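Inspection log for the structure reproduced underneath, given as structure tokens.
What follows draws every value from the coordinates through simple rules; no lab data is involved. Predicted model only: the values in this text are computed from it and were never measured. Glycine also receives a Cβ, built like all others from the backbone with ideal geometry; neighbour counts cover every protein chain displayed.
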């Protein structure tokens with residue numbers, strides 16, 4: 001009986017060893033494949049994970065009324081820095097019982113909660129008069145829109161024009177709620193009478 005048991009025990013040990021070896025090889029194969037599978041799910045650093053063309057989205061207030069309308073030619077989101085880059089940026093700010101404010105630029109980037117929009121190159125702020133007066137037009141190469149404060153700021157040279165009055169300066173703050181525009185430094189002004197403006 002002892003002689004018959006020994007060969008069977010040897011075969012069982014050999015089978016167990018082969019199963020263990022096969023299991024280890026399968027585990028190593030899965031470990032080697034994991035980086036490749038993860039890389040296929042995540043975009044390479046510096047590349048967007050999604051892009052939209054000719055897009056628009058609207059933010060609303062708690063009562064459901066429109067707050068901001070944001071449009072653009074192209075939107076790309078970069079997950080490595082959680083930032084959104086917009087080409088051909090256009091924004092409309094809806095103000096209660098007042099004319100809407102419009103802002104546009106060649107490019108813009110915004111943070112995750114869209115509370116800050118950094119506008120670059122050919123930036124234009126346009127705010128129609130509350131009455132039938134002239135539209136206020138402000139231009140610069142950079143502006144910062146703070147949506148949760150209804151403020152547009154810049155530390156760069158700006159030019160503001162309304163009718164025959166042109167103001168130039170460095171740095172500005174435009175407050176949508178107060179309907180005010182403040183230039184910070186190096187301010188100069190030019191005024192043309194209405195009859196000369198019409199010419």
Using just the Cα positions, wrap the stretch 50-198 in a convex hull and report its mean projected area in square nanometres, one decimal place.
9.9
Multiplying the sequence separation of residue 148 and residue 82 by 0.36 nm and subtracting their Cα-Cα distance, what value in nm do you get?
21.8 nm
Mean Cβ-within-10 Å packing, highest first, puts peptides 173-182, 85-94 in the order 85-94, 173-182
